[in-house]
Amino acid sequence: MGTKLNDPWVIGQLDLTIRLILALVLGGLIGFERELSNQAAGFRTHILVCVGSALIMLLSIYGFSGFSKELNVRMDPSRLAAQVVSGIGFLGAGTIIRNGFSVSGLTTAASLWVVAAIGLAAGAGFYYAAILSTIMVILSLWILNKIEHKYFGAKKRHLIRVHALDRPGNLGKISGILENNKVEIRKFGVDEEERGERDDRQTIMIYLNVVIPDYHMIPLLLDDIRHLDGVVGVTME
């Protein structure tokens, strides 16, 4: 595809343009799905990672063509590209968030890593592999995400935070509501909060790591906890 040259270390402008545009399109498709899911790394981030990886791959193969005929120079097209695989980790780490017992952003971090690989493939001229990988990633992110929410969403761990007054029996009442609804409590913790200047009431934050059998029961479950005497507020992740 594009201009063919006899020298394997030289690429024509048409081929170079095709590879960078392909990286932009493929990275954008995956980034668009992440954008729809309201993830921290979305459309623009995935495009930049994919195009940047393709550019590094092109630079690694063709950027030092002037030295290819030197006797004492050994060309290694994979040297620069290999650093992308480890270097992309700092972006992926930035999307991973630990909040209490829950961890989010792992899928987006993995998508950035895959997009970098797709960019390298596009930059190296592996068009079929780059396009096929993009299709597989989009199917995994979009279709499997729907399947996961429908069949396995309720089986995931959820973090429930209950802001309540420090009164005897509050934790027991909350546990009773969860047990009546067949909610499994995996871990729990209680933190005392500082008293405000105008409010001398002692409040606590209760953390409950739970597995809920039916995703549709969550609103009613939170509503039952919220109406308990002494409960100030309740949230769930």
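Every number here is computed from the coordinates shown, using simple stated rules; none is lab data. On a predicted model such as this, the values are computed, not experimentally measured, just so you know. Note: ideal-geometry Cβ built from the backbone for every residue, glycine included; neighbour counts use all protein chains shown.
Gain in length, residue 165 to residue 143, computed as 0.36 nm per residue apart minus the alpha-carbon separation, to one decimal in nm?
Details: separation 22, 0.36 × 22 = 7.92 nm, distance 4.35 nm.
Computed gain between residue 165 and residue 143 is 3.6 nm.
Full extension from residue 13 to residue 59: what is 0.36 nm times the residue separation minus their Cα-Cα distance, to one decimal in nm?
Working: separation 46, 0.36 × 46 = 16.56 nm, distance 1.33 nm.
That pair, residue 13 and residue 59, stretches by 15.2 nm at full extension.
Set the Förster radius R0 to 45 Å, insert the Cβ-Cβ distance between residue 78 and residue 184 as r into 1/(1 + (r/R0)^6), and round the FRET efficiency to 0.05. Working shown, then result.
Values: r = 49 Å, r/R0 = 1.08.
So the FRET efficiency works out to roughly 0.40.
Just order 181-193, 212-224, 158-170 by mean Cβ neighbour count inside 10 Å, highest at the front, would you?
Values: 181-193: 13.0, 212-224: 14.5, 158-170: 16.7.
Listed from highest to lowest mean packing, they are 158-170, 212-224, 181-193.
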